[in-house]
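As structure tokens, the structure follows; a few thoughts come after it.
Every number in this text was worked out from the coordinates using simple rules, so none of it is lab data. A quick note: this is a predicted structure, and the numbers were derived from the prediction, not measured. Counting neighbours? That spans all protein chains shown, and the Cβs are built from the backbone with ideal geometry, glycine included.
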Amino acid sequence: MINKLPSNKSIELSDLPKHVAIIMDGNGRWAKKRFLPRVAGHKVGVGTVKTIVEISAELGVKALTLFAFSSENWQRPKKEVNTLMDLFVSSLKKEVKQLHKNGIKLQFIGDRSEFNPKLQARIAESEELTKDNEGLKLVIAANYGGKWDISQAVRKLAEQIQRGEIEPDAITSDTIQKYICLNDLPEPDFFIRTSGEHRISNFMIWQLAYTELYFTDTLWPDFDRAAYIEALQSFADRERRFGQTGEQLMKAQ
Ligand code: FPP
């Protein structure tokens, strides 16, 4: 049970989401409001990442997926892209030992081949170091896009068809699912986007089919413990029906 919530309510641990997916948005606006360069917002945003990872691990959330860099983010000014890359490298270097100590298992999804060799090496090292950990699974979506994810799955499936291992008629959503990123994890049951934007923006469009969506005006650098707990409380208050009626669900309990 999580007590001392902002609203004086409590959340049963069994009502927590198993897999939280977050679009960390609003770093640039946070900086602009303070007449700072956009990259200052990203730097403070790294601190929020640490806080949210710590709370998720502490509460027993099974998986946390963070959208760190989308396939479309390459279009940003070169200087901002470079700073983001440097931030990823330095954060990984600085934090990976502590993450490992806390039993956190790191995984990256997305097309990493376009990253510079140093970042690719850090990604591989951090995955290797933490691969046997059994605590929180921390997934970083980097150079990731939901349409890219579906395309890479379909490509692998087409290769299977070409090898004659599967008939086109036999393809179902389960067959595709086998190749979609994170198929070994429970699908995200809770999605959070900060900064007042109400869009999925090509993030895990396959995996979010039944996910509860939560949007908050809070900018990512300001998304603190209280804001996260408030979001989790909103999830705990919802009834997930998966296409059934509330009565059917009551009977099944
Ligand atoms: C969106 O804010 C944020 C990003 C594109 C980058 C997210 C990166 C971090 C939080 C830092 C590092 C993360 C890790 C995993 C170490 P925005 O720039 O789109 O903000 P705006 O919409 O206000 O312009």
Check your understanding: Can you list the residues of segment 184-208 with backbone N under 17 Å from a point 7 Å past the Cα of residue 33, pointing along Cα to Cβ?
Key -> 193-198
Point to revise | Sequence of 22, 166 once ranked by neighbouring C-beta atoms within 10 Å, starting from the fewest | key: 166, 22
Practice item. Just round it to a whole percent: the fraction of Cα-Cα distances in segment 102-230 exceeding 26 Å. Key: 36 percent
Practice item. Putting +1 on Lys and Arg Cβ atoms and -1 on Asp and Glu Cβ atoms, find which of 202, 108, 40 reaches farthest to the positive end of the dipole of the chain. Key: 40
**Study point:** Computed magnitude of the charge dipole of segment 176-227 (debye, nearest 20; Cβ of K, R +1, Cβ of D, E -1)
**Key:** 180 debye
Revision key, fill the gap. Relative contact order in percent for the chain (Cα pairs under 8 Å, 6+ apart) equals 27 percent
Review point. Based on the inverse mean of 1/r over its pairs of different Cα atoms, what is the Kirkwood hydrodynamic radius of the chain, in Å?
Key: 19.5 Å
Revision key, fill the gap. So, relative contact order of segment 121-222 in percent, Cα under 8 Å, 6 or more apart, is 27 percent
Point to revise | Charge dipole (debye, nearest 20) of the chain; +1 at Cβ of Lys and Arg, -1 at Cβ of Asp and Glu | key: 1080 debye
Exercise for review: Quick one: check the C-alpha center-to-center distance for segment 179-206 versus segment 24-61, whole angstrom.
Suggested key: 18 Å
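Residue 89: net charge of surrounding residues, Cβ under 12 Å, Lys/Arg +1, Asp/Glu -1, itself excluded?
Charge balance in the 12 Å sphere: +1.
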Practice item. Report the relative contact order of segment 1-149, percent, no decimals, based on alpha-carbon pairs under 8 angstrom and at least 6 residues apart. Key: 26 percent
